[in-house]
Amino acid sequence: MATQNPFNKILKTLQKPGDGGEFGKYYSLPALNDSRIDALPYSIRILLESAIRNCDEFQVKADDVEKIIDWKNTSPKQVEIPFKPARVLLQDFTGVPAVVDLACMRDAMNRLGGDSNKINPLVPVDLVIDHSVQVDVARSENAVQANMELEFQRNKERFGFLKWGSNAFNNMLVVPPGSGIVHQVNLEYLGRVVFNTNGVLYPDSVVGTDSHTTMIDGLGVAGWGVGGIEAEAAMLGQPMSMVLPGVVGFKLLGKLRSGVTATDLVLTVTQMLRKHGVVGKFVEFYGQGMGELPLADRATIANMSPEYGATMGFFPVDHVTLQYLKLTGRSDETVSMIESYLRANKMFVDYSEPQVERVYSSYLELNLEDVEPCVSGPKRPHDRVTLKEMKADWHACLNNKVGFKGFAVQKEAQTKAAEFTFRETPAKLRHGDVVIAAITSCTNTSNPSVMLGAALVAKKACDLGLEVKPWIKTSLAPGSGVVTKYLQRSGLQTYLNQLGFNIVGYGCTTCIGNSGDIDEAVASAITENDIVAAAVLSGNRNFEGRVHPLTRANYLASPPLVVAYALAGTVDIDFDTEPIGIAKDGKQIFFRDIWPSSEEIADVVQSSVLPDMFRETYNAITKGNPMWNGLSVPSGNLYAWDSTSTYIHEPPYFKDMSMSPPGPHGVKDAYCLLNFGDSITTDHISPAGSIHKDSPAARYLTERGVDRRDFNSYGSRRGNDEVMARGTFANIRIVNKFLNGEVGPKTIHIPSGEKLSVFDAATKYKSEGHDMIILAGAEYGSGSSRDWAAKGPMLLGVTAVIAKSFERIHRSNLVGMGIIPLCFKTGEDAETLGLTGHERYTIDLPSSVSEIRPGQDITVVTDNGKNFSCTLRFDTEVELAYFSHGGILQYAIRNLINAKN
């Protein structure tokens with residue numbers, strides 16, 4: 001049972017400046033009088049404060065506090081600690097299944113004789129409906145309204161369900177559609193930095209159901225992505241079990257050169273940290289270069305933590321943070337409270353004072369003056385290419401064998417041009433020609449310098465008479481309504497519109513695959529001539545098949561570079577020596593002629609980005625919008641499931657659940673459903689993007705009378721397990737070794753030898769009563785923190801995954817859904833062990849959870865005599881408890897029912 005907090009003796013009162021009374025009470029780290037705290041990284045101090053404040057000698061113990069204080073010695077030992085975040089962040093795609101699960105849990109509580117009203121978030125939950133706009137209408141002044149109307153048409157049921165949830169569940173704030181991308185709304189509006197709850201002050205910390213939750217780290221708020229399953233447990237008051245992380249100290253020096261953008265910086269940092277190796281670690285930035293780095297640039301770097309593999313990319317609060325809080329409309333009293341608390345608790349960095357040397361696990365250093373303009377691609381975010389090397393790198397990609405940096409285009413075919421007719425005008429398409437140019441995603445559209453920089457490029461281009469080819473699909477999707485306000489105030493939106501970069505909506509678009517259709521004539525030219533067409537986007541993800549099925553080369557670039565490449569019309573260009581276009585007077589125009597200086601950008605930022613814009617934008621959130629306000633939803637705390645709905649469906653997670661945990665289970669004579677190599681991402685596993693017309697999901701929808709034009713995206717149907725199970729492993733670029741080089745969402749049903757869709761093969765195995773496993777290589781499950789990448793395989797019947805290594809969040813999600821994660825021993829994999837995947841696999845586990853240890857060795861037995869040892873990747877005792885209960889949600893329900901108070 002919980003006891004009184006043993007650290008109440010260090011509760012102090014924080015006075016307001018002058019004689020203004022008090023802000024509240026707080027747990028004082030200095031009052032511990034422990035010199036080890038002074039050397040702790042700031043990110044670890046946040047974990048320490050949370051452990052102290054929540055210490056009850058039950059869920060969080062004094063021993064856990066000591067482990068964190070002794071971080072220097074304990075972190076290399078991979079010790080386990082509990083962590084209770086201050087809040088949980090959801091967006092609508094991940095929020096819908098979270099609310100579906102909460103609604104199901106209420107039903108399960110009812111069936112098991114518990115009080116369903118106990119199923120309520122116990123910490124604040126911020127749910128932002130960013131509604132991931134499908135870019136159907138672009139290059140149009142009314143694109144925002146038209147796309148919004150289409151989204152409400154398609155997603156009325158989903159939006160209505162979330163509106164029901166906002167009324168049915170306490171402690172849940174729902175931000176209506178049309179407000180912005182979740183991570184930018186979090187940065188500009190939701191981020192508290194310091195909470196004041198019932199008179200107790202404490203640092204803001206957040207876990208979110210999207211891996212780019214890390215964007216908030218730029219504001220000095222500790223936040224990272226977790227699986228939806230883990231987030232739901234945190235909402236229900238369960239502590240997160242985590243391994244105390246190492247912290248990489250990243251020292252910044254100097255200042256970015258004129259013309260170099262925050263995107264160039266983040267792509268450089270991403271490459272450096274990928275090379276250094278930061279998976280499972282925090283990265284904490286420090287050094288005198290911090291004073292030269294605006295908050296928006298920090299947020300850009302923090303946002304891409306998943307791309308460089310870190311849990312967090314953390315920027316401690318300093319004077320730059322306070323300036324940003326004022327800029328974004330936070331009140332003077334709030335900012336004063338934040339500064340006073342953080343200074344009193346030694347969590348504020350003041351670069352005007354002598355710096356105490358902090359201890360880090362390892363160190364990196366970058367002089368900002370060394371950063372060069374660059375892009376990343378054509379298939380991975382950490383494959384950085386400097387702009388001056390881009391043309392040569394592109395030609396190398398055409399020549400190289402098929403892979404992350406290769407397309408294997410025959411020499412004689414590399415210069416061919418596909419002729420087609422676009423709106424009665426003859427046109428040509430070559431390898432590397434740009435067909436999508438999108439200023440999109442949370443990464444960059446939070447940053448006024450790159451957004452206004454793009455607008456200045458557009459102005460210079462328009463003044464010279466340059467145009468974007470009409471068949472290039474151009475779009476602008478700002479992260480928040482504030483962007484529209486400062487683009488309009490600057491007078492520069494006009495020039496973006498002139499080039500086709502009209503605002504299409506406020507939400508995730510091209511970066512998550514919502515590019516919409518390419519013109520049919522362009523699409524035919526690409527497919528009939530096997531053209532390697534290009535997309536250039538200001539996003540953070542460019543994995544194969546993600547942006548658009550027909551763009552095989554996808555490059556991440558800053559918003560100004562997106563405009564530049566749209567004008568050039570190709571990535572096959574050397575910006576230093578080749579013209580980007582021809583002016584009205586016939587003169588050749590080069591990249592340097594349209595590129596603004598840092599001083600030009602700074603001037604327009606200074607005059608155009610104002611606090612009132614943020615206040616006005618976010619004051620409107622509480623009022624909603626006419627379409628949202630017009631949604632009628634049922635009342636009541638139990639949801640009335642509609643069995644005919646193709647959007648919201650009751651999943652089978654709690655079917656036949658009893659109060660007795662099922663206990664650990666092994667795997668008996670399982671077939672291998674899929675046999676993968678390295679770098680299988682959650683984009684390959686989890687349903688994402690559009691629903692292909694020939695897919696099992698399309699078949700399911702068609703059978704229920706849904707017209708193809710109304711299929712919508714997988715993301716929009718995350719609340720329907722039937723659709724999502726059918727879309728699992730349905731990525732058109734997936735490579736399964738069973739298919740001997742053929743690419744696509746198929747596999748071999750081993751007993752019959754039939755080639756089937758993955759869903760159909762899994763269904764056949766299940767009907768025959770067989771277990772299934774997956775074989776995989778390194779970094780299995782990298783990419784976005786998608787809970788459906790674990791839910792989908794579980795629904796297909798996958799019982800275990802054996803891989804060389806797992807991405808952190810995905811491994812945790814597999815555990816949360818009751819799937820066994822196993823790692824091959826170092827130096828071994830399926831190939832070195834001579835496994836073809838045609839074997840049958842048996843994994844024996846003890847029947848009692850007390851006999852299983854985190855990280856223990858397990859023998860896998862095959863039916864052909866090839867037996868091998870693996871590491872069991874249940875990393876903590878808590879994860880073992882989840883597995884024993886059949887999953888994290890079942891564990892939470894039983895705990896709530898058994899709770900005595």
Exercise. Heads up, I need the accessible area for residue 742: 1.4 angstrom probe, whole protein in place, Å², nearest 10.
Key: 80 Å²
Practice problem: Just read off the accessible area of residue 405 with the full protein assembly in place, 1.4 Å probe, to the nearest 10 Å². | Solution: 60 Å²
Exercise. Take every Cα-Cα pair in the range 409-508 and report what % of them are more than 22 Å apart.
Key: 40 percent
Quiz prompt | Partners for residue 391 among aspartates and glutamates (Cα-Cα distance below 12 Å; same-chain residues under 8 apart left out) | solution = 572, 574, 576, 578
Quiz item: Which of the aspartates and glutamates could a cross-linker span from residue 469 if the Cα-Cα distance has to be under 12 Å and same-chain partners fewer than 8 positions apart are dropped?
Solution: 433
Quiz item: Classify the range 20-59: rounded, prolate or oblate, from the alpha-carbon gyration tensor (a ≥ b ≥ c, eigenvalue square roots; a/c under 1.5 rounded; otherwise prolate if a/b is larger than b/c)?
Solution: oblate
Exercise. For the chain, build the convex hull from the C-alpha positions and give me its volume per residue in Å³.
Key: 162 Å³
Quiz prompt | Full-extension gain in nm, residue 638 to residue 38, via 0.36 nm per residue minus C-alpha separation | solution = 211.0 nm
Self-check item: Accessible area expressed per residue, the chain, with surrounding protein chains retained (probe 1.4 Å, Å²)
Solution: 36 Å²
Quiz item: With the calculation restricted to Cα positions, what are the radius of gyration and Dmax of the range 707-805 in angstrom?
Solution: 13.9, 42
Quiz item: What pairs from 401/764; 61/275; 766/866; 12/281 go past 29 Å between their alpha carbons?
Solution: 401/764; 61/275; 12/281
Self-check item: Antiparallel %, DSSP beta bridges [both residues in the chain], to 5
Solution: 45 percent
Practice problem: Would you rank 139, 111 by solvent-accessible area, highest first, keeping every protein chain in place and using a 1.4 Å probe? | Solution: 111, 139
Quiz prompt | Rg/Rg_ref, the range 144-295, where Rg_ref = 2.2 N^0.38 Å and atoms are Cα | solution = 1.27
Quiz item: Rounded to the nearest 10 Å², what accessible area does residue 548 show when all protein chains are kept and the probe is 1.4 Å?
Solution: 20 Å²
Quiz prompt | Extension gain from residue 417 to residue 869, taking 0.36 nm per residue of separation minus the Cα-Cα distance | solution = 157.4 nm
Quiz prompt | Percent of Cα pairs exceeding the 20 Å cut-off, where the set is the range 771-901 | solution = 45 percent
Self-check item: Entries in 67/804; 405/459; 473/791; 25/84 that, when Cα-Cα distance is taken, lie over 28 Å
Solution: 67/804; 405/459; 473/791
Quiz item: Quick one: if you stick a label point 7 Å off each Cα along the C-beta vector at residue 598 and residue 170, how many nm between them?
Solution: 5.2 nm
Quiz item: Percent of accessible area on the chain owned by carbon and sulfur, 1.4 Å probe?
Solution: 47 percent
Quiz item: Given 0.36 nm per residue, what is the gain on full extension from residue 57 to residue 877 after removing their alpha carbon distance, in nm?
Solution: 293.5 nm
Exercise. Rank these residues by their accessible area, most exposed first, probe 1.4 Å: 372, 851.
Key: 851, 372
Self-check item: Ranked packing of 123-129, 11-17, most packed first, by mean Cβ within 10 Å
Solution: 123-129, 11-17
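The values are calculated or read from the model by the stated rules, or taken from the named source; none is laboratory data. Just so it is clear, the model here is predicted, and its values are computed rather than measured. Here the Cβ is made from the backbone with ideal geometry for all residues, glycine too, and neighbour counts use every protein chain on show. Accessible surface areas use protein heavy atoms only, side chains included; no ligands, DNA or RNA. Shrake-Rupley method; radii C 1.70, N 1.55, O 1.52, S 1.80 Å.
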